[in-house]
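The values are calculated or read from the model by the stated rules, or taken from the named source; none is laboratory data. Here the structure is a predicted model, which means the values were calculated and not measured. When we count neighbours, we look across all protein chains shown, and the Cβ atoms used for this are built from the backbone with ideal geometry, even at glycine.
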Ligand code: DND
């Protein structure tokens with residue numbers, strides 16, 4: 001059984017030949033393109049990624065493996081709806097860092113769908129775009145940290161969201177499972193069994209801490225891929241006077 005469902009109901013494991021899975025463009029065109037039959041399950045890793053780090057990458061890879069996802073598409077948020085009061089780094093920088101971080105994994109892709117969309121980046125709009133692109137047969141799995149899933153009741157159109165995709169919630173250090181169980185009864189009945197928990201190796205890495213470290217001239221080596229570290233230093237990101245005050249995440 002891949003991971004643990006809140007209702008203890010496993011989703012049926014579609015046969016997925018990892019070797020045979022064909023690469024599919026991450027960009028979501030408006031055409032009627034349909035993926036090859038081998039692509040039966042696609043993961044979506046949404047995030048602000050300010051910056052992307054090994055916590056994100058380990059979580060995506062664990063989800064890919066546990067749920068036999070043909071690929072994981074990283075979707076940097078254009079304008080995060082939950083961080084309206086916090087300035088975030090320019091989307092193009094966050095996108096470039098995500099591209100650099102995922103380059104070595106052929107099962108990882110990065111999409112600009114939220115960056116190219118006007119207005120706040122609601123997950124429901126992204127999931128519906130993926131649904132249009134991949135068609136009704138492909139199962140979509142939105143990958144998130146378990147702490148983020150605790151907030152899911154505040155997300156736009158949560159009922160429809162749970163109808164359109166599954167959620168894989170990865171536990172993080174310090175996460176209390178009982179808090180998720182408290183949220184569970186308040187979720188729409190038909191969507192509860194679509195939230196699945198997986199455990200990832202304890203990685204106490206956060207984007208907030210990385211930004212703080214750069215600001216205070218502390219090392220960030222081994223917290224994130226070297227290419228991302230180089231990008232941060234070359235572009236002068238997160239320095240004391242680079243860009244305002246950063247929020248949580
Ligand atoms: P974050 O700002 O938390 O991303 O956003 C996560 C996603 O939720 C984005 O796609 C948002 O658009 C979406 N969202 C949030 C709120 C409302 C709505 C949508 C809505 O539609 O109404 P971060 O870059 O901070 O982190 C990315 C993911 O990685 C998160 O799920 C986070 O919990 C997780 N994460 C870790 N997981 C394991 N180990 C670590 C982690 N650090 C972050 N060390």
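Worth a mention:
For every residue, the table says whether it meets (1) within 30 Å of residue 160 (Cβ to Cβ); (2) crowded, with 16+ Cβ neighbours inside 10 Å.
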site: 188; (1), (2): yes, no
site: 191; (1), (2): yes, yes
site: 197; (1), (2): yes, yes
site: 200; (1), (2): yes, yes
site: 211; (1), (2): no, yes
site: 218; (1), (2): no, no
site: 225; (1), (2): no, yes
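- Test result for residue 58, modelled with pLDDT of 85 or more and buried (at least 21 other Cβ atoms within 10 Å of the Cβ): no
- If the condition is being in a loop (DSSP other than H, G, I, E, B) and farther than 21 Å from residue 68 by Cβ, then the range 105-117 contributes 112, 117.
- Only one of the listed residues (67, 49) is closer than 21 Å to residue 206 by Cβ, crowded, with 16+ Cβ neighbours inside 10 Å and modelled with pLDDT of 50 or more. That residue is 49.
- Every residue from the range 122-153 that is free of Cβ contacts under 8 Å to residues at least 60 places away in the same chain and touching a strand residue (DSSP E or B) at 6+ places or on another chain (Cβ under 8 Å): 131, 146, 148, 149, 152
- Members of the range 134-161 found to be within 8 Å of the ligand (Cβ to nearest atom) and loosely packed, with under 13 Cβ neighbours inside 10 Å, listed by number: 151, 154, 156
- Meets criteria (under 24 Å from residue 149 (Cβ atoms), away from the ligand (no atom under 12 Å from the Cβ) and either in contact (Cβ under 8 Å) with a residue 40 or more places away in the chain or touching a helix residue (DSSP H, G or I) at 6+ places or on another chain (Cβ under 9 Å) (or both)) for residue 107: yes
- When the criteria are applied in full, residue 170 meets the requirement of being over 22 Å from residue 100 (Cα atoms), assigned to a strand (DSSP E or B) and within 13 Å of the ligand (Cβ to nearest atom).
- Condition met for residue 210 (touching a residue at least 24 places away in the same chain (Cβ under 8 Å), closer than 28 Å to residue 92 by Cβ and either part of a helix (DSSP H, G or I) or more than 8 Å from the ligand (Cβ to nearest atom) (or both)): yes
- Total residues in the range 46-92, condition over 18 Å from residue 223 (Cα atoms) and in a helix (DSSP H, G or I): 9
- Residue that is farthest from residue 207 (Cα to Cα) [pool: residues in the range 73-96 that are within 12 Å of the ligand (Cβ to nearest atom) and within 14 Å of the chain's Cα centre (by Cα)]: 73
- Residue that is surrounded by the most Cβ atoms within 10 Å (Cβ to Cβ) [pool: residues in the range 87-112 that are over 15 Å from residue 48 (Cβ atoms) and in contact with a strand residue (DSSP E or B) (Cβ under 7 Å, 6 or more places away or on another chain)]: 102
- Of all residues in the range 114-125 being modelled with pLDDT of 95 or more and farther than 18 Å from residue 160 by Cβ, the one that is surrounded by the most Cβ atoms within 10 Å (Cβ to Cβ): 115
- Enumeration of residues in the range 189-206 that are over 15 Å from the mean Cα position of the chain (by Cα) and part of a strand (DSSP E or B): 199
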